[in-house]
Every structure is written in structure tokens, then in C-alpha cells.
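Engineer: This is the structure I want to talk about, given as C-alpha cells.
The values are calculated or read from the model by the stated rules, or taken from the named source; none is laboratory data. What you see is a predicted model; the values in this text were computed from it and never measured. With ideal geometry, Cβ positions are generated from the backbone for all residues, glycine too; neighbour counts draw on all protein chains shown. Heavy atoms of the whole protein, side chains included, go into the accessibility calculation; ligands, DNA and RNA do not. Shrake-Rupley method; radii C 1.70, N 1.55, O 1.52, S 1.80 Å.
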Amino acid sequence: DKIYKTSKVAAKLTMKALDKAFKNAKQTMKWLGDCASIISKSGAPVTWTTPLGLPVVQPYRRKKKFVVITTNQRLVLQKSNEDLPVSSQKQRTAFPPNYVHSVDSSHLLMTASECWTRGITFAGVHDSFWTHASSVDEMNEVLRDKFIDLHEQPLLENLLQEFRLQHPDLNFPPVPELGTLNLGQVSDATYFFS
């Protein structure tokens, strides 16, 4: 019981510190969720285009449930299709991480493409990148350059513009205030990727 109470206090203090340290990130995640809520409450799924021009549609819809009762068990079957209404809750909760993953995957593809151009052997999954030991320094340079290229774009402003074009009848909140990261420092950051 004492350990549980202590862990609750530690968790609260940790979350408070994280909220303070990552205030802008938290505001951005909230903004993404708010936009998804506005869109999904209009009956539409959240759709956007990645920085590389790839279209994304969140497929989350309410499911139709059927109960099948047998002598041995009770089964709940779910049917999902595009004719069913969107699930506003799932659209809202899934959009912030899905959007971030789409930006991360854009970075991965930009990095992979540049490595291919330079003849660097490259492998990657999500945000883990590999190459041969002899190519690590050059790949590290590519990773940083492509990260800067990607994040110099006004990603959130572009997303808001896309939402306004897709849904001209809806009102979206303004993009949250951006943080103060100097992207130029990424080039010299010791632990940008390891």
C-alpha cells in the first residue's frame, strides 16, 4: 500500500514535469485531436496528405455487433464497412499519433531515398535506421539533413489549410504556438540519432 501511494505521487510529479517540459507538444497533440473531433462530428473520417504527398484516410467507423449464442458459448461478431458512421471517439484519439507517425514515415522515406541516391545500404523500421558500420557517419548526416528539410516545412499550417479546403463549412482552431527549436542545431547535436 505504501509503495502504491508513493508510486502515485511519483507518477503525478513525473507527468507534471513532462507537461511543463513538453508544453508545445502537448498543445499540438490537443489541437490535432480537436481538429479530428470537428471533422468526425460532421460525419467524415479524418483524411490528410503526408509531406511526401501520400493520402491517408482513418478508417475508424462504428461497428455493427451481432451476438450468436450456441450451447457452448456466446460469440460477439463485428461488422465494419464504409456505410457505417465514423467513430468520432476513435477518430479523435487515433489522429494525433497517426499524424505523427505519418511525419516520421516521411522522414524515413526521405532518408532512405537519399541513402539510395548516395549508394548507402539502408534499412529502417519506424524510427530505427541501420546501415553498415562504414556508412554510419554519412547516414547520420543524411538523417539530420532530411529531418531539417522536413521540419522546415510549415507542417501544421499545411495541415490546417488542407482541412479548410476539405471542409470549408467547418471552423478549425488556429495552429498552436510553435516551440523554439533551432533546426540548425540538429546538424551538430551529439545525440540526435545514435
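Engineer: If you count only protein heavy atoms and use a 1.4 Å probe, how large is the accessible surface of Val125, to the nearest 10 Å²?
Structural biologist: About 90 Å², rounded to the nearest 10.
Engineer: What is the percent carbon and sulfur in the accessible area of the chain, measuring with a 1.4 Å probe over the protein chains and ignoring ligands?
Structural biologist: C and S atoms contribute 56 percent here.
Engineer: Placing unit charges on C-beta atoms (Lys and Arg positive, Asp and Glu negative, everything else neutral), compute the dipole magnitude of the range 1-139 about its Cα centre in debye, rounded to 20.
Structural biologist: Here the size comes out at about 1240 debye.
Engineer: So for the range 46-108, taking the charge dipole from beta-carbon charges (+1 Lys/Arg, -1 Asp/Glu), which of Asn98, Val86, Pro51 sits furthest toward the positive end?
Structural biologist: Of the options given, the answer is Val86.
Engineer: Under the Kirkwood approximation applied to all pairs of distinct alpha-carbon atoms, what is the hydrodynamic radius of the range 88-149 in Å? Numbers along the way, then the final one.
Structural biologist: Numbers: mean 1/r = 0.0795 Å⁻¹.
Computed over Cα pairs of the range 88-149, the Kirkwood hydrodynamic radius comes out at 12.6 Å.
Engineer: When the expected Rg is taken as 2.2 N^0.38 Å, what fraction or multiple of it is the alpha-carbon Rg of the chain? Let's see the in-between values first.
Structural biologist: Numbers: Rg = 21.5 Å, N = 194, 2.2 N^0.38 = 16.3 Å.
For the chain, the normalised Cα radius of gyration comes out at 1.32.
Engineer: Longer than 22 Å from Cα to Cα, which of Lys8/Lys90; Lys64/Lys90; Lys5/Lys90; Lys2/Lys26; Lys26/Lys90 are they? Say none if no pair is.
Structural biologist: On the way: Lys8/Lys90 28 Å; Lys64/Lys90 15 Å; Lys5/Lys90 32 Å; Lys2/Lys26 31 Å; Lys26/Lys90 19 Å.
With Cα atoms farther than 22 Å apart: Lys8/Lys90; Lys5/Lys90; Lys2/Lys26.
Engineer: Additional query: Which three semi-axes in whole Å describe the equivalent ellipsoid of the range 47-127, each the square root of 5 times a Cα gyration tensor eigenvalue, listed largest first? Spell out each step's value before the answer.
Structural biologist: On the way: eigenvalues 305, 57, 19 Å².
After diagonalising the Cα gyration tensor, the semi-axes are 39, 17, 10 Å.
Engineer: Taking the Cα centre of the range 82-194 as origin and charging only Cβ (+1 Lys, Arg; -1 Asp, Glu), how large is the dipole, in debye to the nearest 20?
Structural biologist: 220 debye
Engineer: Still on this structure: Defining a contact as two alpha carbons under 8 Å apart and six or more residues distant in sequence, what relative contact order in percent does the range 1-114 show?
Structural biologist: Computed over the range 1-114, the figure is 25 percent.
Engineer: Between Glu177 and Leu18, with labels modelled 7 Å along Cα→Cβ, what's the label distance in nm to one decimal, could you check?
Structural biologist: The answer from the label model is 2.3 nm.
Engineer: If you line up the Cα atoms of the range 1-107 on their principal axes, what length do they span on each, largest first, in Å?
Structural biologist: Cα extents, longest axis first: 50, 49, 27 Å.
Engineer: Once phi is turned into ³J(HN,Hα) by the Karplus curve 6.51 cos²θ - 1.76 cosθ + 1.60 with θ = phi - 60°, what whole-Hz value does each residue of the range 118-129 show in order, with x for glycine and proline?
Structural biologist: Working through the residues one at a time gives 8, x, 8, 5, 9, 9, x, 9, 6, 10, 10, 10 Hz.
Engineer: Something else: If packing is taken as the average number of other Cβ atoms within 10 Å across a peptide's residues, how do 93-99, 56-62, 166-172 rank, most packed first?
Structural biologist: Highest to lowest by the protection proxy: 93-99, 56-62, 166-172.
Engineer: Still on this model: Could you tell me which of His167, Met15, Phe193 has its Cα farthest along the dipole of the chain towards the positive end, charges placed at Cβ (Lys, Arg +1; Asp, Glu -1), taken about the Cα centre?
Structural biologist: It is Met15, whose Cα lies furthest towards the positive end.
Engineer: OK, next. Tell me what the chain gives for mean residue ellipticity at 222 nm when only DSSP H runs of n ≥ 4 count, each as -39,500 (n - 2.57), the sum divided by the residue total, rounded to 500 deg cm²/dmol.
Structural biologist: It lands at -17500 deg cm²/dmol.
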